[in-house]
Every structure is written in structure tokens, then in C-alpha cells.
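To start, the structure under review is shown below, and the notes come after it.
The values are calculated or read from the model by the stated rules, or taken from the named source; none is laboratory data. Being a predicted model, the structure only gives us computed values, none of them experimental. No Cβ is skipped: glycine too gets one built from the backbone with ideal geometry, and neighbour counts run over all protein chains shown. Heads up: the accessible areas ignore ligands, DNA and RNA and are worked out on the full protein's heavy atoms, side chains in. Shrake-Rupley method; radii C 1.70, N 1.55, O 1.52, S 1.80 Å.
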Amino acid sequence: MKQTYHAVIFDLDGVLADTVEYHYLATKRVADELDIPFDRALNQKMQGMSRASLIEALVKNSEYSFTPEQKEKLGNRKNEYYQQLIGRITREDILPGMTDFLEKLKQNNIKLAIASASSNAKTVLNHLEISQFFEHIVDIRDVQKMKPDPEIFLKAADALQVPYENCIAIEDSEAGIKAIKQTPMFSIGVGTHAAVKEADWHVDNTSEITYEKLTRNIFLYPVIN
């Protein structure tokens, strides 16, 4: 029997928005201030983490110990640096093909949600001018367990009132793909890193993801209202 999909759940950074570099630069600035080793390979492993989890992973590489209060301040500092950087985001930062993809999905009544670990998701979507496409954005404050736990994707599907097995989820991080793979959802992995190639469908970049390909290859069908 052909499987039908009535919802698509998106990660944000690296899937819809060209903001991964901003996360790297903000974290790198904090790491440099603390004299902690940090590079792009480590940044890739940290993608999808909450702010607290990212700082926890970062300070493990320090010769010093940090109190919970100090870690919280470091997380807030990293977020301040990131907010300064995303202030320059415009529609030009939408990743290739994603505007057309969103428009085609909405034209066919496919429900859309955002499942991002970023507390700045609404701000980024507003700067990109694509907020109107999404029925729901998961509030990170309501998520108890972060990626690679699947909770954030399950919450998105619940909010859309679509069964998990009828959802597609798109990610570009190792933690995100691991999370989706723990659900009945169809996973799409974006990027060239080995971890994302474990997805049900892997693409090197977002331009390869189209409504036509989904309709033809994995049986995405319009919702009849």
C-alpha cells in the first residue's frame, strides 16, 4: 500500500535558513574568549543542540570547571552574539529552492511546522518573511528532551494533528536525523556529512528537494478539506 504524507516538519538552521555559519561564529567567539578549542567539525556535531546542551559540550574541552550559573551566562552571551549576526538576515538567506517548495506545499494544503532547537526561530522566520507558511512553531521552552530525542518532532506532529506516520521531517544535523529515525516519520537529510546520509532520503543541498519529487517518489498527497 502506498504511504501518504500530509505534513512536513522542518528544522530551521541549515534547512530553511543559511544561518549555520552564524551559530558557528557566535559559538567560536565564546570559545575563543575562554581559550577553548572549537572548529567547524565540532560545530557540526553540536548542531541541533539546545543552548544549554551546546555550552555543556563546549566547556567539557576546558581545563576549568564552570558553575551552572556561569554556564547559563555563557549561553546567554553566545545567544547575544548570534542575535547580533541574525539582525542582518533577509529573504536572500533562504536556502535554494525552499521558497518554491513552501509555496507548492501550501497550495496543496500540506500542513507545515517548525521543529528547531533555536529560541530565535520566530525572529529568523520573520526576517526571512516566511512565517505565514507555518501552522505551528514548537516553543523550545515546552520541550523537555532535546534532539537526538524525538520529542520536538512528536510535539510538532501533535500540534498539526497529523499521525506520525503521515509526516515528513527535514534535518541537516546528526542529532536531528537520529531524532527522526526514532519515529515513524519519513526523514530527509540535507548536506554532505556522513550522519545525514542515514536519512530515508538524502540530498546534498536543498535545491534537490521539490514538491514534484516528493509527489512522485514518496507519495505526498494533498489534503482534501
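A few notes on this one:
- Each Lys and Arg contributes +1 and each Asp and Glu -1, all at the Cβ; summed about the Cα centre of the chain, the dipole is approximately 280 debye.
- Values of log10 I(q)/I(0), in the order q = 0.11, 0.12, 0.22 Å⁻¹, for the range 1-93 under a Debye, Cα-only, solvent-free model: -0.38, -0.44, -1.13
- Dipole size of the range 8-131 about its Cα centre, with +1 on Lys/Arg Cβ and -1 on Asp/Glu Cβ: approximately 300 debye, rounded to the nearest 20.
- The stretch between LEU25 and ASP142 holds 39.4 nm of extra length on full extension. This uses 0.36 nm per residue minus the Cα-Cα distance.
- A 1.4 Å probe run over the protein chains yields, for the chain, 49 Å² of accessible area per residue, whole-number rounding.
- When you restrict to C-alpha pairs under 8 Å that are six or more residues apart and normalise by the size of the range 148-190, the relative contact order lands at 46 percent.
- Legend: residue pairs LYS78/LYS197; LYS73/LYS155; LYS28/LYS155; LYS45/LYS145; LYS73/LYS197, Cα-Cα distance threshold 24 Å; pairs beyond threshold, LYS78/LYS197; LYS73/LYS155; LYS28/LYS155; LYS73/LYS197.
- The range 41-67 and the range 135-191 have Cα centres spaced 22 Å apart.
- Shown here are the Rg and Dmax of the Cα trace of the range 1-54, at 15.7, 56 Å.
- Accessible area of GLU135 in the full protein assembly, 1.4 Å probe (Å², nearest 10): 100
- A simple rule links phi to the HN-Hα coupling: the Karplus curve 6.51 cos²θ - 1.76 cosθ + 1.60 with θ = phi - 60°, which for the range 89-103 gives 5, 9, 4, 5, 8, 5, 5, x, x, 6, 5, 5, 4, 4, 5 Hz, with x for Gly and Pro.
- The range 86-195: Cα Rg divided by the 2.2 N^0.38 Å rule of thumb: 1.05
- Listed values for the range 161-176 are Karplus-derived 3J(HN,Hα) couplings in whole Hz (6.51 cos²θ - 1.76 cosθ + 1.60, θ = phi - 60°), namely 6, 10, x, 4, 5, 9, 10, 10, 10, 10, 9, 10, 10, 4, 4, x, and x replaces Gly and Pro.
- Applying Stokes-Einstein at 20 °C and 1.002 mPa s to the Kirkwood radius of the chain, computed over alpha-carbon pairs, gives a translational diffusion coefficient of 120 µm² s⁻¹.
- Per-residue Karplus couplings for the range 57-66, computed as 6.51 cos²θ - 1.76 cosθ + 1.60 with θ equal to phi - 60°, are listed in order as 5, 5, 6, 4, 8, 9, 7, 9, 9, 10 Hz, Gly and Pro entered as x.
- What the Cα convex hull of the range 109-174 gives, in volume per residue, is 94 Å³.
- Efficiency of FRET from Cβ geometry, GLU135 and ASP32, R₀ 30 Å, rounded to 0.05: 0.15
- Selection from GLN47, LEU74, TYR5 lying farthest towards where the dipole of the range 1-97 points positive, charges on Cβ: TYR5
- Relative contact order %, the chain, counting alpha carbon pairs below 8 Å whose residues are six or more apart: 29
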